[in-house]
Amino acid sequence: MGPSPGGGPVVVCADLDRTLIYSQSALALTGPDADAPRLLCVEVYQGKPLSFVTERAAAGLEALAAGCVLVPATTRTPEQYARVHLPGKAPEYAICANGGHLLVDGVDDPGWAATVRERLASGADLAAVREHLERVLDGRFDARLRIAADLFCYAVLDRAAVPAGWVEDLTGWCAERGWTVSMQGRKLYCLPVMLTKAAAAAEVARRAGAGAMVAAGDSILDIPMLEIADQAIRPAHGELAELGWTSPTTSVTAGRGVAAGEEIVTWLVERAVLGQPVNPDKES
């Protein structure tokens, strides 16, 4: 098990899409084809390969699965997460629906799901947020609106068609009602502020008797999880990169795309498996 100052295992909470795994459009392979890394498919959708990691990242993920408590932490629903097969031993814990579901050995924990819904009961009505989204989208941007796990909304849309200020206006409307907005690639998310990966990550750390936590993520929705970790890392692409967000305990990759994913996995292995100290001070 990886080293930790608290004596317990290191818990590694990592976002999936555009952090650990990459769709074809997110690979960002810019060099000559002959120099491209070998890729391993980790997700198939409708009979076609959808998400990838580099061969070196695959080896690192195997090391993480064997040497620490690796916790995928995603906005995907449990059904969407089930399509992903990371290399190595299957994770004991997985955080889905941005913390709305906690899977234990692949099975949804009903107690955690009930706790989350009790916490959200006083917030804005999902139906009201969906109605507002339907009104402001109104057939624009080639948008397809979805409800995820009866907890939040997201729309798949043509980002290039979204005018300046539109997302900011939606963010303001949602903030007044206790919801947050995140734009990740072609997906626009609207979620209750109280629905966080961080809360589920803290619960996993408690159950695992964690001595330390490290985390990785690329979006606004990952910030609370990155902030509660002893150390964290984000890629040089994605929503947080666009915002220029950082923190004293958060490192940033040099690479982008799937190369950043490989860099993130290597960084996690060094801290959770190979013995590099995990401490609250960001390294230079």
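The values are calculated or read from the model by the stated rules, or taken from the named source; none is laboratory data. As the structure is a prediction and not an experimental result, all values here were calculated from the model. Note that we place each Cβ from the backbone using ideal geometry, even for glycine, and neighbour counts take in every protein chain shown. Just so you know, the surface numbers come from the protein's heavy atoms only, side chains and all, with ligands and any DNA or RNA stripped out. Shrake-Rupley method; radii C 1.70, N 1.55, O 1.52, S 1.80 Å.
Sort out for me the Cα centre separation of segment 59-120 from segment 150-171, rounded to whole Å.
Cα centroid to Cα centroid, the span is 26 Å.
Per residue, what accessible area does the chain have, given a 1.4 Å probe and all protein chains present, in Å²?
Dividing the accessible area of the chain by its residue count gives 45 Å².
Which value in nm describes the separation of the simple spin-label points at GLU227 and GLU270, placed 7 Å from the Cα toward the beta carbon?
According to this spin-label approximation, the distance is 2.6 nm.
Tell me the carbon and sulfur percent of the accessible area for the chain, rounded to whole percent, probe radius 1.4 Å.
Whole-percent figure for carbon plus sulfur exposure: 51.
If amide hydrogens are placed 1.01 Å from N in the peptide plane, which non-local residues have theirs closer than 5 Å to the one on ILE233?
Under 5 Å from the amide H of ILE233: ALA215, ALA216, GLY217, SER251.
Where does each of 28-34, 148-154 land if you order them by average Cβ count within 10 Å, highest first?
148-154, 28-34
Arrange the peptides 233-239, 250-256 so that the one whose residues have, on average, the most other Cβ atoms within 10 Å appears first.
Top of the packing list down: 233-239, 250-256.
Which order, highest average first, do 186-192, 262-268, 95-101, 173-179 follow once you tally other Cβ atoms within 10 Å for each residue and take the mean per peptide?
95-101, 262-268, 186-192, 173-179
If you put +1 on each Lys and Arg Cβ and -1 on each Asp and Glu Cβ, how big is the dipole of segment 170-284 around its Cα centre, in Debye rounded to 20?
Rounded to the nearest 20 debye, it is 320 debye.
Using the Karplus curve 6.51 cos²θ - 1.76 cosθ + 1.60 with θ = phi - 60°, work out ³J(HN,Hα) for each residue of segment 67-75 in order, rounded to whole Hz, and write x for Gly and Pro.
Listing the rounded values in order: x, 7, 9, 8, 10, x, 10, 9, 7 Hz.
In a GNM of the chain with a 10 Å cut-off on Cα contacts, which of ALA208, ALA82, ALA59 has the highest mean-square fluctuation?
Evaluated over the chain, the most mobile residue of the options is ALA82.
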